[in-house]
Amino acid sequence: MTLPAGVGERVYRSFLWLYPADFRDRFAEEMVQLFHDKLRDARAGGAPGGSVGAWITMLGDVAVTAVSERIRRNRTVAHSITSAPPMPIRLLGVVGIVGGVAILAAFLLAIPADLQALRIILINLGMIAVILAAHRRQAAVSPVLALIGAAPAVLANAWYLVVIVFSIGEFFWAGMALWISVAWFGIVTFRLGVVTRWGALAVAIGAALTFTGIDRLGLTSTILGQLSQIGIVAMAIGWILLGGDVATRRQATSPPDEVS
Amino acid sequence: MDALSQPQRFPPVSRTAIHVLIAIGPEERHGYGIMQEVARITNGATRLGPGGVYTTLRRLLDDGLIEESDGRPDADLDDQRRRYYRLTGLGRAVVAAEVGRLESLVDAARPWALESGG
């Protein structure tokens, strides 16, 4: 393999994407420099097998050490997400349970009209609380995906609260944003699997079905409109499961620490 | 009681890690220098690649056994991408503890292993 030095470095650099991002950010430039030095010496006849042998050796080295580095990183992440949540996070989980119960309350009790706004505020605060609590653990696994999953749902809940509390804006658009973003949060949470997947699944399906119950979509007379009631119940159960998981999670057995 | 005052209480480091620590030795070395020195002190038995060198250096940095050096022996002759590493006090203590462990092993094996090995 007799690629020009610059091309060889670019090819080698492309393989460094196999390493975790933090490792790459820290050492990629040095590794490319070391690769450059090693290949230079191999070309000069200082290594057995010449430059072909050096390429094979260094690509094998990338394959083995990238895997080990990722396993090590996953162990570190596993350690951080197996620790018991601190009290403030547990309280967020409790608020989430209250929000879920507030959703179900409409099916179980005759709630006076003047308390409806308070009930909806409790629901929104409950959703925000669980999203924030779940995000803390999810971010340890995938910071970007966790943020993409949580941020729209928090913002949409905040928007809905503004509509409720200050009567600014339309319920229609706020509701659209809310149920779509919450369904998305459920999907991301299910995908990450850090908190209960049953809860995440119930939230995702429930929010999607609830979305079809928005009056202006004109689906309320269809089967989808009927299913929206089931969706609301499913979503309530989902928030209760997620909140309960966060509030009651205990310290899991973590792998032993290793040294170098 | 910290690890520096009781280095023998520090968990044994991996074979690659002790090779890298000894390769750095009392000097400051960059990655390629470490790689060459490891090959030299092991008579070529251990040949690390860039990944092997830097995954080990990362772990040693995390454990506080080495640190990055600010100094550059000759900036004009050196590529700016190079970084130099040196042992910390804890790193030296751990090497000393590891040498002690190896000495006791050698002492235990020497009376019979060298005889039977001819």
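The values are calculated or read from the model by the stated rules, or taken from the named source; none is laboratory data. Here the structure is a predicted model, which is why all the values come from computation and not from measurement. Heads up, the Cβs are rebuilt from the backbone with ideal geometry, glycines too, and the neighbour counts pull from every protein chain shown. Only protein heavy atoms, including side chains, enter the accessible area calculation; ligands, DNA and RNA are left aside. Shrake-Rupley method; radii C 1.70, N 1.55, O 1.52, S 1.80 Å.
Quick notes on this one:
- Among the candidates A:Arg137, A:Arg90, A:Arg73, residue that is within 14 Å of chain B (Cβ to nearest Cβ), within 28 Å of the chain's Cα centre (by Cα) and on the phi < 0 side of the Ramachandran plot: A:Arg73
- Within region B:23-37, tally of residues that are touching a Gly at 6+ places or on another chain (Cβ under 9 Å) and open to solvent by less than 20 Å² (accessible area, probe 1.4 Å): 3
- Qualifying residue in region A:186-209 (condition: at pLDDT 85 or above, over 22 Å from A:Ile103 (Cβ atoms) and of a type in the set (Lys, Arg)): yes
- Region A:130-159 residues that are more than 16 Å from A:Pro88 (Cβ to Cβ), paired with ones that are open to solvent by 30 Å² or more (accessible area, probe 1.4 Å) and outside any helix (DSSP H, G or I) (beta carbon under 8 Å, 6 or more apart): A:Trp159/A:Gly169
- Within region A:188-212, being among the polar types (S, T, N, Q) and surrounded by 22 or more Cβ atoms within 10 Å (Cβ to Cβ) holds for A:Thr189, A:Thr210.
- Yes/no for A:Leu115 being within 27 Å of the chain's Cα centre (by Cα), surrounded by fewer than 19 Cβ atoms within 10 Å (Cβ to Cβ) and in a helix (DSSP H, G or I): no
- Filtering region A:21-40 to residues that are closer than 21 Å to A:Val144 by Cβ, facing chain B (nearest Cβ under 10 Å) and at pLDDT below 90 leaves only A:Asp22.
- Which numbered condition A:Phe15 fails, given (1) open to solvent by less than 70 Å² (accessible area, probe 1.4 Å); (2) within 11 Å of another protein chain (Cβ to nearest Cβ); (3) at pLDDT 90 or above: (1)
- Of the residues making up region A:41-68, those that are within 10 Å of chain B (Cβ to nearest Cβ), under 17 Å from B:Met35 (Cβ atoms), assigned to a helix (DSSP H, G or I) and open to solvent by 40 Å² or more (accessible area, probe 1.4 Å) number 4.
- Options A:Ala146, A:Ala158, A:Ala153, A:Ala102: the member that is closer than 18 Å to A:Phe211 by Cα and buried (at least 18 other Cβ atoms within 10 Å of the Cβ): A:Ala153
- Any hit, region B:63-77, residues being among the charged types (D, E, K, R), under 10 Å from the mean Cα position of the chain (by Cα) and either open to solvent by less than 40 Å² (accessible area, probe 1.4 Å) or within 13 Å of another protein chain (Cβ to nearest Cβ) (or both): no
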